[in-house]
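Asker: The structure that follows is given in the form of structure tokens.
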């Protein structure tokens with residue numbers, strides 16, 4: 001992992017919500033390159049709303065997101081929660097992964113050699129090269145997530161944002177997926193992950209953002225695990241889908 005710490009963005013006193021309704025207030029945290037931030041919290045605490053805000057799909061009710069000098073919005077690789085319709089997408093693995101380079105195509109109606117080479121590199125990195133001609137919808141859940149991660153990597157070399165990436169996966173596929181993400185992080189890619197599976201997902205995290213309607217925490221994982229908030233959260237099994 002790179003030793004140079006560079007701010008990607010700072011969230012300053014954010015209030016988030018939709019339809020005029022505030023979900024969470026006074027949210028403050030910072031992400032620097034090389035971080036592995038795990039976002040956890042109670043049901044309805046605003047985790048998904050925060051993800052949409054970071055992707056510029058929603059605007060904060062108040063507060064600011066201050067971006068770093070070398071950070072660009074289009075450099076986010078995003079792996080969203082999958083719907084049943086998306087899982088049944090009738091395209092090949094190669095087509096799905098290659099679509100991750102679309103932001104690099106501009107107005108060109110075709111993919112360049114460089115973009116095809118990037119797709120090949122990331123398919124091989126996810127160890128799914130032998131699946132490249134197979135239909136995405138015929139893959140297992142774990143294989144589909146590797147495909148989507150390869151697609152996200154085609155969009156970025158800096159930051160990947162994952163929203164409940166292991167939902168519905170079996171324990172082995174879940175463990176394998178977290179190991180892959182950890183390897184990407186050690187190779188220098190910043191990771192922001194929303195998860196309800198906190199006991200497993202925070203294993204490799206460097207920082208924790210715990211979102212709650214009444215109290216939030218942002219800081220290093222070791223400090224979080226010593227906090228009263230983490231003890232309460234773990235004891236009541238508070239992690240759940242939003």
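The values are calculated or read from the model by the stated rules, or taken from the named source; none is laboratory data. Being a predicted model, the structure only gives us computed values, none of them experimental. Positions of Cβ are generated from backbone atoms using ideal geometry, with glycine treated the same way; all protein chains shown enter the neighbour counts.
Asker: May I ask you to say which residue of 196, 210 is touching a strand residue (DSSP E or B) at 6+ places or on another chain (Cβ under 9 Å), in contact (Cβ under 8 Å) with a residue 60 or more places away in the chain, part of a loop (DSSP other than H, G, I, E, B) and crowded, with 17+ Cβ neighbours inside 10 Å? First the steps, then the outcome.
Answerer: Working: 210 fails: part of a loop (DSSP other than H, G, I, E, B).
Only one candidate qualifies: 196.
Listed here are the residues, each with its yes/no results for (1) surrounded by 21 or more Cβ atoms within 10 Å (Cβ to Cβ); (2) under 24 Å from residue 14 (Cβ atoms).
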| residue | (1), (2) |
| --- | --- |
| 135 | no, no |
| 140 | no, no |
| 157 | no, no |
| 162 | yes, yes |
| 184 | no, no |
| 187 | no, no |
| 220 | no, yes |
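Asker: Kindly provide the set of residues from region 27-54 that are in contact with a helix residue (DSSP H, G or I) (Cβ under 8 Å, 6 or more places away or on another chain) and at pLDDT 90 or above, ordered by number.
Answerer: Within region 27-54, 27, 34, 36, 38, 39, 40 qualify.
Residue-wise test of (1) over 14 Å from the mean Cα position of the chain (by Cα); (2) in contact (Cβ under 8 Å) with a residue 12 or more places away in the chain; (3) crowded, with 18+ Cβ neighbours inside 10 Å; (4) assigned to a strand (DSSP E or B).
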position: 13; (1), (2), (3), (4): yes, yes, no, yes
position: 27; (1), (2), (3), (4): yes, yes, yes, yes
position: 31; (1), (2), (3), (4): no, yes, yes, yes
position: 44; (1), (2), (3), (4): yes, yes, no, no
position: 49; (1), (2), (3), (4): no, yes, yes, no
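Asker: Going by the conditions given, is residue 115 surrounded by 13 or more Cβ atoms within 10 Å (Cβ to Cβ), more than 22 Å from residue 185 (Cβ to Cβ) and either modelled with pLDDT under 95 or over 20 Å from the mean Cα position of the chain (by Cα) (or both)?
Answerer: Numbers: surrounded by 13 or more Cβ atoms within 10 Å (Cβ to Cβ): yes; more than 22 Å from residue 185 (Cβ to Cβ): yes; either modelled with pLDDT under 95 or over 20 Å from the mean Cα position of the chain (by Cα) (or both): yes.
It is true that residue 115 is surrounded by 13 or more Cβ atoms within 10 Å (Cβ to Cβ), more than 22 Å from residue 185 (Cβ to Cβ) and either modelled with pLDDT under 95 or over 20 Å from the mean Cα position of the chain (by Cα) (or both).
Asker: Give me the residue from region 64-95 that is modelled with pLDDT under 80 and not in a helix (DSSP H, G or I) and, out of that set, nearest to residue 149 (Cα to Cα). Reasoning before the result, please.
Answerer: Taking region 64-95 as the starting set, the residues that turn out to be modelled with pLDDT under 80 are 70-75, 82-89.
Now drop any that are not not in a helix (DSSP H, G or I), which leaves 70-72, 82-83, 88-89.
Numbers: 70: 23, 71: 21, 72: 20, 82: 12, 83: 16, 88: 17, 89: 16 Å.
By that ranking, first place goes to 82.
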